[in-house]
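The values are calculated or read from the model by the stated rules, or taken from the named source; none is laboratory data. Treat the numbers as computed from the prediction; the structure is a model and nothing was measured. With ideal geometry, Cβ positions are generated from the backbone for all residues, glycine too; neighbour counts draw on all protein chains shown.
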Amino acid sequence: MRVPFGRREQVGVIIGHSIESDIPSAKLKRCSEILDDAPVFSEDDLWLIRFTSDYYHHPIGEVVAAALPSLLRQGRSLHPKVEKVAVTNQAEQADIESMARRAPRQAELLETLLDAGSNGLDTDFLTESMPNWRRAAKGLIEKGLIASFEARADDFDDALSVEPQVAPTLNEDQQAALATLRCSDQFGTYLLDGVTGSGKTEVYLQRLQDILENGRQALVLVPEIGLTPQLVSRLRARLGLEPALLHSGLSDIARLTAWRAAASGAARLIVGTRSAIFTPLKNPGLIIVDEEHDHSFKQQEGLRYSARDLAIARAKRLDIPVILGSATPTLEMLQHCRNGTYQHLVLPVRAGRAVPPKLRLIDTVRNPATDGISEPLAELIRRHLESGGQVLIFLNRRGFAPTLICSACGHIAGCDRCDSRLTVHARSKQLRCHHCGVCRPLNESCEECGEVVRPLGEGTERIEESLGHRFPDAVISRIDSDSTQLKGAMHTALEDATSGRARILVGTQMLSKGHHFPNLTLVGIVNADQGLFGTDFRSSERMAQSVIQVSGRAGREERAGEVLIQTAFPENPFWETLITGGYRQISDEALAEREITRWPPFTRLALLRSAAHRQSDAHHFLEIAQRHAAQAPSESLRILGPVDAPMARKAGRYRAQLLLQSSDRATLHRVLAQLRPLLENDPAARRVRWSIDVDPVELF
Ligand code: ADP
Ligand code: ZN
């Protein structure tokens, strides 16, 4: 509905009502317009909104805003009236042949409308396909052959006229997993823990088929749809229906249409990214979260929710199963399996005939790299190219070089607004800050002493260039967020990678997620050391996930895959564990360590962040928070800080943080619930930007 708000009007959603009010009736205002005559959210949808607001200690209005597609937020109705045109009863008798001679445009329009039948066509659609249709329509209306009228927008039709593809016969592990999943249509959380290429998607597909055949809907959450067109086309081909898609790459209209189709039940399968967790479902039967470990399921600003965690809460409320899939599950989910609260379904080997890739280390101290590539890696690339394989070079750093240094005075180009270095981008001849987005032209002389500067270290652009010199005949495709900014660029790049036209792929983690490149036989990890000495307690978990995910792109079909990892620290025990024990051993050891050090999943965290133009303001605010929290009578609560954030200054603001930790979730939430109103009303809050992050995944 639309309501007067101050001098303006705002769009609101009614979430409750009352017959009395403490406010005098003269002061109450009427709403000015009801936009939808039926509720937009069901009771269950509203439950999720309230739960999210409570759990993340975030204002409910912002949760509603996050849940609504932007057109509804702007006041569009969920079921907008559209203008349509259709043939009348007399149209059948019209002499189209003679009309085609006298008035060809009219004849064309009449034929199109005859084909469309009594439902007629949307005028927006006609305008697109036949720009001047209105002039022709005028004549036909006068003859009484067609008529225009107002109607509800068409519902989504997800039927495809193709026969679904036949499924492969599942192997024993897949069958066992599927059998467990089929035991119940009620709530249960299932962790499908399968090595890369083990056929997790096949298991989803068969379970999806059951659910859809029972006439229920399924919601599939994926990290990033733009990156996984392969999954979408596989769903389409195998299930024989058109999934409704919900992600940020769509137009507002397309998103609203998909949302409406999910709410009405017209779409049986909904595939979306993070925010799709809020999509209303008429008749839900299953939720799947693919690549459960991926950080993009956690929103990192504003309402800091985890779509994975909300998926579990929502499934419980709806009493339906939820499947979480990953080759590198988070320790939180693994611990739930150990406790027996979630069911652990394991696929230990690759499906079909594919074998796991072999991992090897290259010591870059003994084999120094030139422009990022050591001799042994270059030699291996050559061999794989010669034998018809495809190569992926992985590097988690875009741009040409992470540092620009003066060869005379040693000055390093830094960002004025952040505590960070500027990255050299050679293609665009710019220096850019990857934290605040600032750009400067790239100069060849030092801003301090005027001597020659040189780029230090390497990013994807430099690796691409250096491989171009070494392998001039091979088509090289760089895939990172710079190279894929143009519309369609990602699509083309992925097609080249899948078809094998691109022989060498250079990219960031964009390339490591869920892709299936049939020809890929070698993965080279250029600099794996960044994660070895991280300060975050999740550093090694995350590092193992990233190495295993990118390695998992190699050798997914007949030909075996190889992985070469360049490191200056081959003796680091992390490597031994990863190579001999795999993710299983890494996660077992990490869990044991976390239990001793009392980090999640053995405790719960909430992070209070503040940012201000003056460092003292940022700290002062958190000191107030710290004092309030310290008064909470609880033995299990630990308060750490306030301290500077790991990057103390970003985009011109000083940042600080306060960590609250408890072995007991209820305690933590009780403290946060008391803290929030106190902080909101504190005058110090006006000088800072602050936020509460429940279950933070990044501690900065
Ligand atoms: P994941 O989702 O675990 O990465 P996929 O489901 O994509 O694995 O399977 C990897 C490859 O193995 C795909 O090409 C898939 O078609 C194939 N595959 C999966 N299960 C089987 C099976 N039971 N028999 C033969 N091939 C299979
Ligand atoms: Zn910056």
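Cβ-Cβ contacts under 7 Å between residues 6 or more apart (or on different chains), taken from a first residue in the stretch 192-212 that is more than 15 Å from LEU231 (Cβ to Cβ) and assigned to a helix (DSSP H, G or I) to a second residue that is small (Gly, Ala, Ser) and modelled with pLDDT of 95 or more, are listed as ILE211/ALA218; ILE211/GLY285; LEU212/ALA218. For the stretch 237-253, the candidate set comprises residues that are charged (D, E, K, R) and at pLDDT 90 or above; within that set, the residue that is nearest to SER161 (Cα to Cα) is GLU242.
Can you name the helices (runs of 4 or more DSSP H) wholly within the stretch 557-633 that have at least 3 residues being without any contact (Cβ under 8 Å) to a residue 24 or more places away in the chain?
Working: elements: 573-576, 582-597, 615-631.
Of the helices (runs of 4 or more DSSP H) lying wholly inside the stretch 557-633, those with at least 3 residues that are without any contact (Cβ under 8 Å) to a residue 24 or more places away in the chain span 582-597, 615-631.
LEU192: modelled with pLDDT of 95 or more and within 16 Å of ligand 1 (Cβ to nearest atom), yes or no? Yes: the conditions hold for LEU192.
Does SER53 meet the test of being of a type in the set (Gly, Ala, Ser), surrounded by 14 or more Cβ atoms within 10 Å (Cβ to Cβ) and in contact with a Pro (Cβ under 8 Å, 6 or more places away or on another chain)?
Yes, satisfied.
Filtering the stretch 405-415 to residues that are within 14 Å of ligand 2 (Cβ to nearest atom) and either surrounded by 21 or more Cβ atoms within 10 Å (Cβ to Cβ) or touching a residue at least 24 places away in the same chain (Cβ under 8 Å) (or both) leaves ALA413, CYS415. So is THR228 touching a His at 6+ places or on another chain (Cβ under 6 Å), more than 16 Å from ligand 2 (Cβ to nearest atom), assigned by TED's automatic domain parsing to the domain that holds GLY188 and among the hydroxyl-bearing types (Ser, Thr, Tyr) or not? For THR228, the condition - touching a His at 6+ places or on another chain (Cβ under 6 Å), more than 16 Å from ligand 2 (Cβ to nearest atom), assigned by TED's automatic domain parsing to the domain that holds GLY188 and among the hydroxyl-bearing types (Ser, Thr, Tyr) - is not met. In summary, helices (runs of 4 or more DSSP H) completely within the stretch 95-161 and bearing 3 or more residues that are among the basic types (Lys, Arg) occur at 133-142. Take the conditions surrounded by 20 or more Cβ atoms within 10 Å (Cβ to Cβ) and over 30 Å from LEU395 (Cα atoms) and apply them to ALA645. Does it pass? Judged against the criteria, ALA645 is not a match. Is it the case that ASP294 is surrounded by fewer than 16 Cβ atoms within 10 Å (Cβ to Cβ) and under 28 Å from LEU520 (Cβ atoms)? The answer is no for ASP294.
Being within 33 Å of the chain's Cα centre (by Cα), in contact (Cβ under 8 Å) with a residue 12 or more places away in the chain, assigned to a loop (DSSP other than H, G, I, E, B) and within 24 Å of SER374 (Cβ to Cβ) is a property that holds for ARG398.
Screening ARG598, ARG553 for residues that are crowded, with 22+ Cβ neighbours inside 10 Å, under 32 Å from the mean Cα position of the chain (by Cα) and basic (Lys, Arg) leaves exactly one candidate, ARG553.
All of (1) at pLDDT 90 or above; (2) surrounded by fewer than 13 Cβ atoms within 10 Å (Cβ to Cβ); (3) in contact with a Leu (Cβ under 8 Å, 6 or more places away or on another chain) hold for GLN90 with one exception: (1). Evaluated against (1) in contact (Cβ under 8 Å) with a residue 12 or more places away in the chain; (2) closer than 27 Å to PRO280 by Cα; (3) not acidic (Asp, Glu), ALA86 falls short on exactly one condition, (2). Scanning the stretch 529-546 for any residue that is away from ligand 1 (no atom under 16 Å from the Cβ), at pLDDT 90 or above, touching a strand residue (DSSP E or B) at 6+ places or on another chain (Cβ under 8 Å) and not charged (D, E, K, R) turns up nothing. Against the test of being more than 16 Å from ligand 2 (Cβ to nearest atom), assigned by TED's automatic domain parsing to the domain that holds ARG501, in contact with a Ser or Thr (Cβ under 6 Å, 6 or more places away or on another chain) and basic (Lys, Arg), the options ARG542, ARG553, ARG559 yield a single qualifying residue, ARG559. Contact map, the stretch 486-500: first residue within 17 Å of GLY514 (Cα to Cα), second residue surrounded by 13 or more Cβ atoms within 10 Å (Cβ to Cβ) and of a type in the set (Val, Ile, Thr), Cβ cut-off under 8 Å, separation 6 or more or different chains; pairs are MET490/ILE479; MET490/THR484; ALA493/ILE479; ALA493/THR484; LEU494/ILE479; ALA497/ILE479.
Evaluate the following for VAL322: is it surrounded by 23 or more Cβ atoms within 10 Å (Cβ to Cβ) and part of a strand (DSSP E or B)? So VAL322 passes the test.
The conditions of being part of a helix (DSSP H, G or I), farther than 15 Å from PHE187 by Cβ and either touching a residue at least 12 places away in the same chain (Cβ under 8 Å) or not acidic (Asp, Glu) (or both) are met by ARG308. Evaluated against (1) of a type outside the set (Phe, Trp, Tyr); (2) assigned to a helix (DSSP H, G or I); (3) within 26 Å of THR521 (Cβ to Cβ); (4) out of contact with any Lys or Arg (no Cβ under 7 Å at 6 or more places or on another chain), ARG553 falls short on exactly one condition, (2). For TRP47, the conditions (1) without any contact (Cβ under 8 Å) to a residue 60 or more places away in the chain; (2) part of a helix (DSSP H, G or I); (3) surrounded by 13 or more Cβ atoms within 10 Å (Cβ to Cβ) all hold with the exception of (1).
Within the stretch 255-286, the set of residues being assigned to a helix (DSSP H, G or I), under 19 Å from the mean Cα position of the chain (by Cα) and of a type in the set (Val, Ile, Thr) comprises just one member, ILE277. Residues of the stretch 363-390 that are over 16 Å from ARG470 (Cβ atoms) and surrounded by fewer than 20 Cβ atoms within 10 Å (Cβ to Cβ): ASP363, VAL365, ARG366, SER387, GLY388.
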